[in-house]
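Each remark here refers to the structure printed beneath this line.
The values are calculated or read from the model by the stated rules, or taken from the named source; none is laboratory data. For clarity, every value in this text was computed on a predicted model and none was experimentally measured. Cβ: placed from backbone, ideal geometry, glycine included. Neighbour counts: every protein chain shown.
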Amino acid sequence: MNNQESGFVKGRIKGGIIALRGVVKVLTTEHSIMVQMSIAILMSILGFNVKLTPTEWMFHVIVWGIIFSVETLNTAVEKLCDFVHDDFHDRIGFIKDISAGAVTFTALTALIVELIIFIPKF
């Protein structure tokens with residue numbers, strides 16, 4: 001392996017470690033994500049109990065992955081806003097509200113998908 005390829009691989013490994021550190025930080029410090037993770041785990045246990053099909057599992061995993069992604073981005077936006085302007089400001093509040101709205105859209109979509117998956121099981 002030449003030096004350029006070695007640098008590329010090391011860079012990807014370093015990037016992966018940094019990303020995993022971010023996952024651990026958000027999972028251990030953000031209460032909303034802790035609650036969502038708990039719900040996702042409970043829904044997954046329920047999924048095993050009602051024997052979801054592979055397609056149902058696929059949708060279940062996708063919606064939860066999207067929820068965690070959007071919630072993590074919302075957290076990053078809020079932290080950035082607080083860093084830039086730590087006092088209350090109408091424009092910062094507007095930005096934070098829009099970011100939270102994105103989470104709400106995602107959560108409602110996930111709720112609908114989960115209801116479509118689970119209601120027929122009962």
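Going through the stretch 98-115 one residue at a time, which ones are closer than 17 Å to residue 39 by Cβ and either outside any helix (DSSP H, G or I) or aliphatic (A, V, I, L, M) (or both)?
Residues satisfying the conditions are 103, 107, 108, 110, 111, 112, 113, 115.
Given the conditions (1) within 30 Å of residue 120 (Cβ to Cβ); (2) free of Cβ contacts under 8 Å to residues at least 40 places away in the same chain; (3) exposed (fewer than 15 other Cβ atoms within 10 Å of the Cβ), report the number of the one that residue 50 does not fulfil.
For residue 50, the exception is condition (2).
Which numbered condition trips up residue 86, out of (1) over 20 Å from the mean Cα position of the chain (by Cα); (2) in a helix (DSSP H, G or I)?
Among (1) over 20 Å from the mean Cα position of the chain (by Cα); (2) in a helix (DSSP H, G or I), the lone unmet condition for residue 86 is (2).
Checking residue 67 against (1) under 23 Å from residue 19 (Cα atoms); (2) surrounded by fewer than 16 Cβ atoms within 10 Å (Cβ to Cβ): exactly one of these is not met. Which one?
Of everything listed in (1) under 23 Å from residue 19 (Cα atoms); (2) surrounded by fewer than 16 Cβ atoms within 10 Å (Cβ to Cβ), residue 67 misses just condition (2).
Anything in the stretch 89-109 that is under 30 Å from residue 61 (Cβ atoms), small (Gly, Ala, Ser) and over 14 Å from the mean Cα position of the chain (by Cα)? List them, or say none.
101
Looking at 3, 74 in this structure, which one is out of contact with any strand residue (DSSP E or B) (no Cβ under 6 Å at 6 or more places or on another chain) and at pLDDT below 95?
When all the criteria are applied, what remains is 3.
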